1. In segment 38-70, what residues are under 13 Å from the mean Cα position of the chain (by Cα) and either in contact (Cβ under 8 Å) with a residue 12 or more places away in the chain or within 16 Å of residue 86 (Cα to Cα) (or both)?
2. Which condition number in (1) touching a helix residue (DSSP H, G or I) at 6+ places or on another chain (Cβ under 9 Å); (2) more than 16 Å from residue 36 (Cβ to Cβ) is the one that residue 82 fails?
3. Please work out if residue 65 is in contact with a helix residue (DSSP H, G or I) (Cβ under 7 Å, 6 or more places away or on another chain) and part of a helix (DSSP H, G or I).
4. Just checking, does segment 29-49 include any residue being modelled with pLDDT of 90 or more and among the polar types (S, T, N, Q)?
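The values are calculated or read from the model by the stated rules, or taken from the named source; none is laboratory data. These numbers come from a predicted model, not from an experiment. Neighbour counts run over all protein chains shown; Cβ positions are idealised from the backbone, glycine included.
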Amino acid sequence: MNGTQGEHAVWRRSGRHSDAYDEARRGFLLGKMVCERRVALGLSQRERAERAGMTQPQVSRSEEGGTTPSIALLERLAEALNADLSIGFTPRNAA
């Protein structure tokens with residue numbers, strides 16, 4: 001066993017890894033929400049792509065969390081998914 005095995009066994013969120021992890025997590029969660037809405041509407045990825053002016057591979061990447069969409073794309077997605085887009089800020093608890 002080498003000394004790094006423990007590092008691989010436990011995900012450590014520190015320094016710049018934390019920022020990258022958080023960004024990937026947000027992308028994954030957004031993609032999951034979009035996929036769940038598409039499935040609830042009974043749409044295929046191809047159908048959603050046509051509605052949003054995208055290609056099927058772009059839809060696939062977005063649902064896998066592989067992209068960070070712009071506000072304009074989020075608006076198109078909302079329209080394609082017959083949904084309202086809601087963007088807001090939630091205050092953090094004061095320490």
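1. Taking segment 38-70 as the starting set, the residues that turn out to be under 13 Å from the mean Cα position of the chain (by Cα) are 58-70.
Result: 59, 60, 62, 63, 64, 65, 66, 67, 68, 69, 70.
2. (2)
3. Details: in contact with a helix residue (DSSP H, G or I) (Cβ under 7 Å, 6 or more places away or on another chain): yes; part of a helix (DSSP H, G or I): no.
Considered against the rule, which asks whether it is in contact with a helix residue (DSSP H, G or I) (Cβ under 7 Å, 6 or more places away or on another chain) and part of a helix (DSSP H, G or I), residue 65 comes out as no.
4. So the first thing to find is which residues in segment 29-49 are modelled with pLDDT of 90 or more, and the list is 29-49.
Keeping just the survivors that are among the polar types (S, T, N, Q) gives 44-45.
There is at least one residue in segment 29-49 that is modelled with pLDDT of 90 or more and among the polar types (S, T, N, Q).
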